């Protein structure tokens, strides 16, 4: 019996683009999308019965028994863990033992069509080669399997989250649907995020625009907070993401004639460059740099516009604040913004600064369609808050050590350092440039989420520290 990774390398399949097929509702598009022909196919579980695939992947031996005829007829190879699960529990019998007593598996093995790998759910490993990681669903293992094998591009149909199957699998809804005790197929996306984060594989559902494009209002002095934000986005994102600090676009605005219309910060007008940077195509997300994300940003990316060309964050029910434009989803095809037209609108008197920035009046139709959980101002509720916005510049965790939610930002920073996403040298450079508080470097080196007021170290340095925002010239 062949090892999956040896076979995959020998076949030279890492350069191919792969499509993973699951039983979710979007599987209905499989027969109608012409772009399916551009991919090698990997089916999950019972999907193999729907037609030819290069790889049929299963974790449970029960599924291999159920689909024995379909596997022999439709699958190029069957790929399973060395210790297959039995009725959703990690098995103790090896794939070789199952094969010896199962004629259909033996025929596959004899033909070189049965492949094995080591899965992380088993306490034992069979032999050399990578360990494939999964927590709850076979889709997690399949994506990790391909990424570990060196595949660069993977798409999917039928891996949708939620609790539903496509109609073709209605006969299975009472026998296999969520029979592992999980509340929803959304749980699989946590595993996807880990694989994407660790391997940088280009993964997305075939029916969604990819990658998610996030543009961040920024200047160079804010790059540490931008990178911490980016790490928090990537750590939870179940599809590929690109994060772009807007100050690096090197697009300049002419100064409006009226000083009352001058930008209040170096990054005030940056958001109006996004449609141009995106080629006036598809969607884009705008975020401020002083934020932290706790949920899958795909939730924000897939919100319906419902006729609007810009979605803004609505205020929490207990406030009367207008829509918040520090978090936006933009329809770049409909938004014809460019730097010259922004300044011309101000100079002609059609707009003033307040209407431009606080009403986003350059957009044809603005809708406050983003939940307040995606712009939680200085408030964090575990399990609910999707995005924490550190709006008080004087207490932001990178300039002030005692922010009441500072430990959350420090936890993300330390995780980014541990992952090699941010280097200690970068933090040291920011301290030396006086862009962040001096105690931050000491806190990172000590790997502490909090600074104790009684410890004394760093506090005197911080007292002499002047945060960069205090030097911003405001009109």
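Please treat every number below as a calculation from the coordinates, not as lab data. Just so it is clear, the structure is predicted and the values come from calculations on it, not from any experiment. FYI the Cβ positions are ideal-geometry reconstructions off the backbone, even for glycines, and counts take in every protein chain you see.
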> How big is the gap, in Å, between the Cα center of the stretch 1-48 and the Cα center of the stretch 97-134?
Replying inline: 19 Å
>> Between the stretch 143-208 and the stretch 310-380, how far is it from one alpha carbon centroid to the other, in angstrom?
In response: 34 Å
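Among 352-362, 30-40, 111-121, how do they line up by average Cβ neighbours within 10 Å per residue, starting with the highest?
111-121, 352-362, 30-40
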> Within the stretch 193-212, what residues put their amide N at less than 16 Å from the label point 7 Å along the Cα-to-Cβ vector of residue 152?
Replying inline: 199-204, 211
>> Can you give me the angle between helix 188-199 and the longest principal axis of the chain, using Cα atoms only, in degrees from 0 to 90, rounded to the nearest 10?
In response: 80 degrees
> In percent, how large is the relative contact order of the stretch 31-179, given Cα pairs closer than 8 Å and 6 or more residues apart?
Replying inline: 15 percent
> Over the chain, what is the mean sequence separation of C-alpha contacts under 8 Å (at least six apart), divided by residue count, expressed as relative contact order in percent?
Replying inline: 11 percent
> Order of 227-240, 207-220 by packing, highest average Cβ count within 10 Å first?
Replying inline: 227-240, 207-220
> Label points 7 Å out from Cα along the Cβ direction at residue 242 and residue 264: separation in nm?
Replying inline: 3.1 nm
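Provide, as a two-decimal number, the C-alpha radius of gyration of the stretch 321-475 over 2.2 N^0.38 Å, N being how many residues it has.
This ratio for the stretch 321-475 stands at 1.31.
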> What relative contact order, as a whole-number percentage, does the stretch 212-376 give when Cα pairs under 8 Å and 6 or more residues apart are counted?
Replying inline: 28 percent
>> If I take R0 = 35 Å and measure r between the Cβ atoms of residue 463 and residue 361 in this structure, what FRET efficiency does the formula 1/(1 + (r/R0)^6) give, to the nearest 0.05?
In response: 0.20
>> Sort 176-185, 260-269, 434-443 by the packing proxy (mean of other Cβ within 10 Å over each peptide's residues), most packed first.
In response: 434-443, 260-269, 176-185
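Under the rule a/c < 1.5 gives rounded, and otherwise a/b versus b/c splits prolate from oblate, where does the stretch 206-298 land using the Cα gyration tensor?
oblate
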>> If you fit an axis through the alpha-carbon atoms of helix 138-148 and take the longest principal axis of the Cα set of the chain, what angle between them do you get, 0 to 90°, nearest 10?
In response: 80 degrees
>> Let me make sure I get this right: for the chain, a, b and c are the square roots of the gyration tensor eigenvalues over alpha carbons, sorted descending. Under 1.5 in a/c it's rounded, otherwise prolate if a/b > b/c, else oblate. Which is it?
In response: prolate
>> Checking the a/c ratio against 1.5 first, then a/b against b/c, what shape does the Cα gyration tensor give for the stretch 380-420?
In response: oblate
> Which percent of Cα-Cα pairs in the stretch 19-124 sits in each 5 Å bin, short to long?
Replying inline: 2, 13, 23, 24, 17, 11, 6, 3, 1
